[in-house]
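The values are calculated or read from the model by the stated rules, or taken from the named source; none is laboratory data. What you see is a predicted model; the values in this text were computed from it and never measured. Positions of Cβ are backbone-derived with ideal geometry, glycine not excepted, and every protein chain shown enters the neighbour counts.
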């Protein structure tokens, strides 16, 4: 093989490895604003978050579920934008299976909405839009389909 061909292949290999590695590093560097159920909570992570006295959405899913990963992006954005007025908690039900029974989770993802007093007001199974979540948390005055008809 000629030296120019070797250099081209080496550059191609470097690019093929460097770009995915840089993307993975950048993805890992972004810290989500969503509370995660982990060992840092004593007992029930959802109940610990409900004590904050804010409307809360608890998302029950897994990183292995495509719909759950889509919901995490939406919920992370909502947490960043409305973090002063709402709380978002994410529970990996495959890693914490006792939540399945405790909160009667039948599908992934499942979102449970709580008012500021910690009472369950609604639940939804499957992915949902940002606007629907804001409505269920009481941050939108009109349901998304009504707001769309008015405009």
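Suppose the filter is in contact with a strand residue (DSSP E or B) (Cβ under 9 Å, 6 or more places away or on another chain), surrounded by 14 or more Cβ atoms within 10 Å (Cβ to Cβ) and assigned to a loop (DSSP other than H, G, I, E, B); does residue 67 pass it? Against the criterion (in contact with a strand residue (DSSP E or B) (Cβ under 9 Å, 6 or more places away or on another chain), surrounded by 14 or more Cβ atoms within 10 Å (Cβ to Cβ) and assigned to a loop (DSSP other than H, G, I, E, B)), residue 67 does not qualify.
Contact map, segment 122-143: first residue within 14 Å of residue 86 (Cβ to Cβ), second residue at pLDDT 90 or above and assigned to a loop (DSSP other than H, G, I, E, B), Cβ cut-off under 8 Å, separation 6 or more or different chains; pairs are 137/55; 137/86; 138/55; 138/115; 139/55; 139/85; 139/86.
Scanning segment 107-116 for residues that are without any contact (Cβ under 8 Å) to a residue 40 or more places away in the chain and more than 17 Å from residue 94 (Cβ to Cβ) turns up nothing.
Scanning segment 116-128 for any residue that is outside any strand (DSSP E or B), touching a strand residue (DSSP E or B) at 6+ places or on another chain (Cβ under 6 Å) and either surrounded by fewer than 17 Cβ atoms within 10 Å (Cβ to Cβ) or modelled with pLDDT of 95 or more (or both) turns up nothing. Where residues in segment 129-141 are at pLDDT 90 or above and in a loop (DSSP other than H, G, I, E, B), which of them is surrounded by the fewest Cβ atoms within 10 Å (Cβ to Cβ)? The selected residue is 129.
Can you tell me which residue within segment 75-98, out of those that are outside any loop (DSSP other than H, G, I, E, B) and without any contact (Cβ under 8 Å) to a residue 12 or more places away in the chain, is nearest to residue 131 (Cα to Cα)? Checking each candidate, the answer is 81. A single member of 29, 39, 45 is modelled with pLDDT under 90, in contact with a helix residue (DSSP H, G or I) (Cβ under 9 Å, 6 or more places away or on another chain) and over 21 Å from residue 129 (Cβ atoms), and it is 45.
Does residue 150 meet the test of being surrounded by fewer than 16 Cβ atoms within 10 Å (Cβ to Cβ), within 19 Å of residue 45 (Cβ to Cβ), modelled with pLDDT under 95 and more than 11 Å from the chain's Cα centre (by Cα)? Walk me through it before giving the result.
On the way: surrounded by fewer than 16 Cβ atoms within 10 Å (Cβ to Cβ): yes; within 19 Å of residue 45 (Cβ to Cβ): no; modelled with pLDDT under 95: yes; more than 11 Å from the chain's Cα centre (by Cα): yes.
No; evaluated as a whole, the condition is false for this residue.
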